[in-house]
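Below is one structure, written out as structure tokens, with a few remarks after it.
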Amino acid sequence: MAKLSNLISSVEESRTLAITSLIKKLKAEGRPVLSFSAGEPDFPTPKYISEAAIKAINNNFTKYTSNEGYPDLLKAIINKFEKDNDLHFAPENILVSSGAKHSIYNILVVICNPEDEVIIQSPYWVSYPEMIKMAGAKTVVIDAGVEAGYKITASQLAKAITPKTKALILNTPSNPTGAVYSKSELLSLAEVLKDKDIFVISDEIYEKIIFDGEKHFSIGSVDYLKDRVITVNGVSKAYSMTGWRIGYAGGPKDVIRLARNLQSHSTSNACSISQAATTAALNGGEEEIAAMAKTFNERRDFIYAELNKIKYVKCPLPKGAFYVFFDISETFGKKAGDLLIKDSTTFCNYLLQEANVGLVPGVAFGNDNCVRMSYACSMADITEGLKRIKAGLEKL
Ligand SMILES: Cc1ncc(COP(=O)(O)O)c(C=O)c1O
């Protein structure tokens, strides 16, 4: 066979997908595995949204839309950014894509040149380094460990910047840690970027899932940064619409124009029916999403309290999203039969084999001392899963 692309061959398979397939395989073999690896809400899509999609189908709204997106959706996105984020955009500032992932990828591709550096923090969402690679750029990682609340500081950011820095990616609330940057923390990061020609991609997909009275703040609303920030959001998490594949971004016209152009030659418009559903979602009331966030909050409270009672576990309090990211490094060096636990992957293998519990190794997110547990599942499963983790770790 002719040689395949060197660049794309160097991209790693998503490690979260790898553990999810192993869990699925064990389940198919009849093993009673409880999986906590899901990155999607377990609720159905609210009915008013599905009904808008059914209406769109019945009205034959099933053709190409313009590549830019359905005008009513653009209006709904502009209103959302105004209302929630104090961001003020015209239609030319908005990109509508097939998921937030797609928006982020398109933006990275259109802003990066070879040798450019893109700064991310660790723990990070699995796809950032691989997307940066696919855009031909280089990832620079700033370490934000558990003691730092999984957040980077202004001085760390200042040290990481070089003449080659093209962009910083921020993600608040964070996947995998649930950390939320406060307004003052974001303002101190903004200060570092003030006189620098660096883009910020602000991934705010978990904005609506936030606890303890924390207030989400969009760094794009900082006046002196507004021409350099691309704010990304979508309906997957807040509206339980992962399968509908709509994400969007608001940012500088030149960036959006190139991203739209890239999209027009690769995927064209996002799904017309999903665009109609998203318009209904964004124009709809907030009660249903607030109810989902409240349920996540109850689960978070329970899981945080119970996990910290378990031997070897150190779990900081997540302030948003639907994951706990906890330290299990005290188990390293312990043996279970033939298996030596020495990192997050061997720890997850042990729990999967011994306790039928599926967690995601922290190494996938750049921190090999931790594991991620999603609480996008029922309280019954969480209760049983915690029992199994406790029993599994007591055997060590
Ligand atoms: C931090 C983060 N950003 C973006 C996405 C992508 O979301 P979408 O379903 O809109 O592509 C995810 C999904 O897991 C995520 O966790």
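Rule-based calculations on the coordinates, nothing more; no lab input. All figures in this text were calculated on a predicted structure; none of them were measured in a lab. Virtual Cβ from ideal backbone geometry, glycine too; neighbours counted across all protein chains shown.
Neighbour counts of C-beta atoms inside 10 Å place GLU40, GLU185, GLU147, GLU207 in the sequence GLU147, GLU40, GLU185, GLU207, starting with the fewest. In percent, rounded to a whole number, the relative contact order of region 59-283 is 29, using alpha-carbon pairs under 8 Å and six or more apart. With contacts taken as Cα pairs under 8 Å at a separation of at least 6 residues, the chain carries a relative contact order of 22 percent.
By the count of other C-beta atoms within 10 Å, a proxy for reagent exposure, HIS265, HIS88, HIS102 are ordered fewest to most as HIS265, HIS88, HIS102.
Under 5 Å from the amide H of VAL360 lie the amide H atoms of ARG372, each residue being 5 or more positions distant or on a separate chain, with H modelled from the backbone and absent for Pro and chain starts.
How do the peptides 91-99, 321-329 rank, highest first, by the average count of neighbouring beta carbon atoms within 10 Å per residue? Let's see the in-between values first.
On the way: 91-99: 21.7, 321-329: 25.1.
The peptides rank, most packed first, as 321-329, 91-99.
Kindly state, to the nearest 0.05, the FRET efficiency for ASN58 paired with ASN283, given R0 = 30 Å and r defined as their beta-carbon distance. Don't skip to the answer; put the middle values down first.
Values: r = 19 Å, r/R0 = 0.64.
The formula returns an efficiency of 0.95 here.
A 30 angstrom limit on the alpha carbon distance is what I want to check against. Which of LYS75/LYS164; LYS166/LYS342; LYS159/LYS226 exceed it?
On the way: LYS75/LYS164 36 Å; LYS166/LYS342 36 Å; LYS159/LYS226 23 Å.
Result: LYS75/LYS164; LYS166/LYS342 exceed 30 Å.
Computed with the Debye formula from one identical point scatterer per Cα of region 155-208, without solvent, the log10 of I(q)/I(0) at q = 0.17, 0.19, 0.29 Å⁻¹ comes to -0.57, -0.70, -1.26.
Whole-Hz Karplus values for region 333-344 come out as x, 8, 10, 10, x, 8, 8, 9, 7, 10, 6, 5 Hz, taken residue by residue from phi with 6.51 cos²θ - 1.76 cosθ + 1.60 and θ = phi - 60°; glycine and proline positions read x. For the chain, take the longest principal axis of its alpha carbons; what is the angle in degrees between that and the long axis of helix 287-307, to the nearest 10 within 0 to 90? Relative to the chain, helix 287-307 is tipped by roughly 30 degrees. The amide H of ASP203, built 1.01 Å from its N in the peptide plane, has LEU170, ASN171, THR172, VAL232 as neighbours under 5 Å, considering only residues 5 or more places off or on other chains.
Legend: ranking of residues MET134, MET1, MET373 from fewest to most surrounding C-beta atoms inside 10 Å; resulting order MET1, MET134, MET373.
Look at where the Cα atoms of region 244-307 and of region 333-352 average out, and the two centres are 37 Å apart.
Viscosity 0.890 mPa s, temperature 25 °C: Stokes-Einstein D of region 59-283 from its Kirkwood Cα radius, in µm² per second?
Working: Rh = 17.6 Å.
In µm²/s, the coefficient is 140.
Annotation: extensible slack from THR162 through GLU394 equals 78.8 nm (criterion: 0.36 nm per residue apart, minus Cα-Cα distance). Run the reach check for LYS47 against aspartates and glutamates, Cα to Cα strictly under 16 Å, same-chain hits fewer than 8 apart removed. What comes back? Partners found: GLU286, GLU287, GLU288. Distant-in-sequence amide contacts of VAL229, defined by a placed amide H-H separation under 5 Å and a gap of 5 or more residues or a different chain, comprise VAL200. Computed from the C-beta positions of ALA305 and SER10 and an R0 of 30 Å, the FRET efficiency is 0.10 to the nearest 0.05.
Can you list, largest first and rounded to whole Å, the semi-axes you get for the chain by taking the square root of 5 times each eigenvalue of its Cα gyration tensor? Kindly include the intermediate steps, with their values, before the conclusion.
Details: eigenvalues 228, 128, 90 Å².
Equivalent ellipsoid of the chain: 34, 25, 21 Å, largest first.
Can you work out the base-10 log of I(q)/I(0) for region 20-167 at q = 0.11, 0.15, 0.21 1/Å, using the Debye formula on its C-alpha atoms alone? Those come out to -0.74, -1.15, -1.27, one per q.
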